[in-house]
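Working notes for the structure below.
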Amino acid sequence: MEILSYNCAPCSHVVKLRLELVLKSSNLRQSRPTFRKHKFWCTKIDSRDGSLRFYNLDQSILKKRSHQGRFRSLNILEGFKNVDSKVFSGGYNGYVIGGEEDASGMSKTGESATKVVIPELPDESNGEVGAPVSSCFWEWKPKFNVHYEKAGCENVNSPPVLFLPGFGVGSFHYEKQLKDLGRDCRVWAIDFLGQGMSLPLEDPTPRSSEGDTSVRKDYAWGFGDETEPWASDLVYSIDLWRDQVQYFIEQVIGEPVYIVGNSLGGFVALYFAARNPHLVKGVTLLNATPFWGFLPNPIRSPKLAKVFPWAGTFPLPSSVRKLTKFIWQKISDPRSIAQVLKQVYADHSTKVDEVFSRILETTQHPAAAASFASIMFAPQGQLSFRDALSRCQMNNVPICLMYGKEDPWVNPIWGLQVKRQVPEAPYYEISPAGHCPHDEVPEVVNYLLRGWIKNLETQGSVALPLLDDGESIQYSIARDLEFVRDGSSKSVRVHFFGSRFSLWNMIRSLIKSRFGNSDIKS
């Protein structure tokens, strides 16, 4: 046995690794590679975001020992903490950080994904302080009160970030972003009108005062026969939300923002940016829905729109009231809400108690059912998702894509279609993660979002997240992001797709990894 000290090239400025190499003579070429236990930890601190990156050892030092035989074990004697792993003894570059499941996913060349340790969320139970979050109301118009939350407003000259929620939720769905990103950014999250805490404070169609008040006190708002003047043109449509975002940025924030949207919020973010590029510094889409609305837009298709006598205005027609009451009774049931959350979160260990209670609270608002009907029958926007994307591209609006791979609703194929239309946009596919990656793996989304904003703020002098300085990935790479949550280590794999990525390249890569390169042309 020999003791060999070596400064690993990627790690030399961080820690000196003293490796104990237990060498045993053996033929290196084996018919079947085997796994052997070892401990390995080779890290580099990323000065841009404080994350730790893991690298394979410099192969040159290993090759110098090739005549000695096969590595049986590697132990870190100095430096960071040890981690159990395994070595793939069929070749020098065939070892991975992690367990046997990681090795089984390696390519034929023996390459493994670099591991990156990213910061955890502020743990208030351990005395770590997240950014204080304030709950506020802004009166956009008479009777139109918009609820929003904000954090980090004391961070003068820091980037402003606005979060837009998905359908059926509100600003509360971004609590993990407000508390974390609010420590170094100025962050806002709003509730769309007709959702969350931006539901009306008065009945838009009040009923007659006659009748038994003991029965009437719990009746649903919006089911009357006559509309109040303030609600005469009210439709909870994507055009309304686009205008809401515009005036919120102009009147509350007061400067262009980075805008982030999940699901419906992603569509609104893109739609808004397409119409108001001067108010947007960049758009991040989190599993953005690629369409919204079923009825034709009266401006885009005026003749077709006339075919439909009602398009989400108040009062609701009698037939719509009956249908709404029936559907609302089903979807507002706590069991239905729990089932939906189970469906859209890939990791069922994710704590969703707060999200569940806030959604349930919203469904109990007297205006919730009629608002739902207005949303469902509201016309489409003046621009389709594809048209909005094209406009953003023409106006050079930076776009970043972050999609949970296991989303049952907005399948990753939709994100890849966006990537195809805007090839220069960085695309991060996160797994395991479902429809709401910002809430399911907030550590990953916050890390990527911070890095993307830094890349734009520094005009590219800081590399994109997961890339090294000066590194340009044209096709795709994979990184395993590790973080601590509730005292336990978790790992999420993120694929970054570069500017020349295509579905064909992905399919070709899979074929190569399975069947070799002989029959596949580059």
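When all protein chains stay in place, what accessible area (Å², nearest 10, 1.4 Å probe) is found for Arg450?
For Arg450, the solvent-accessible surface is approximately 50 Å².
Hey, any idea what % of segment 359-455's accessible area is carbon plus sulfur with a 1.4 Å probe?
Details: 1690 of 3240 Å².
Of the solvent-accessible surface of segment 359-455, carbon and sulfur hold 52 percent.
Mind checking the per residue accessible area of segment 179-288 for me, 1.4 Å probe, whole number of Å²?
35 Å²
Please list Ser336, Ser489 from largest to smallest accessible area, probe radius 1.4 Å, with all protein chains kept in place. Working shown, then result.
Working: Ser336 40, Ser489 90 Å².
Largest accessible area first, the list is Ser489, Ser336.
What FRET efficiency would be calculated for the residue pair Glu128, His365, taking the C-beta separation as r and a Förster radius of 41 Å, to the nearest 0.05?
That gives a FRET efficiency of 0.75.
Which value, in Å² rounded to 10, gives the accessible area of Leu341 with a 1.4 Å probe and all protein chains present?
Approximately 20 Å² of Leu341 is accessible to the 1.4 Å probe.
Does segment 325-437 come out rounded, prolate or oblate by the C-alpha gyration tensor, with a ≥ b ≥ c the root eigenvalues, rounded set by a/c under 1.5 and, if not, prolate when a/b is larger than b/c and oblate if not? Mind dumping the intermediate values first?
Working: a/c = 2.86, a/b = 1.46, b/c = 1.96.
Oblate is the answer for segment 325-437, as a/c is 1.5 or above yet b/c matches or exceeds a/b.
Round to a whole angstrom and tell me the spacing of the C-alpha centers of segment 251-291 and segment 318-365.
If we compute the Cα centre of each part, the gap is 26 Å.
Say each of Ser232 and Trp310 gets a label point 7 Å from the Cα, pointing the same way as Cα to Cβ; how far apart are those two points in nm?
Going by the 7 Å Cα→Cβ label model, 2.0 nm.
Once fully extended, how much extra length lies between Asp243 and Phe326, figured as 0.36 nm per residue of separation less the alpha-carbon to alpha-carbon distance?
Extending this stretch completely gives an extra 26.7 nm.
Of the listed pairs Lys176/Lys490; Lys115/Lys419; Lys115/Lys150; Lys115/Lys351; Lys115/Lys490; Lys330/Lys351, which have alpha-carbon separations greater than 22 Å here?
Lys115/Lys419; Lys115/Lys150; Lys115/Lys351; Lys330/Lys351
The values are calculated or read from the model by the stated rules, or taken from the named source; none is laboratory data. Nothing here was measured: the structure is a model prediction, and the numbers come from that model. Note that we place each Cβ from the backbone using ideal geometry, even for glycine, and neighbour counts take in every protein chain shown. These accessible areas exclude ligands, DNA and RNA; they are computed on the full protein's heavy atoms, side chains included. Shrake-Rupley method; radii C 1.70, N 1.55, O 1.52, S 1.80 Å.
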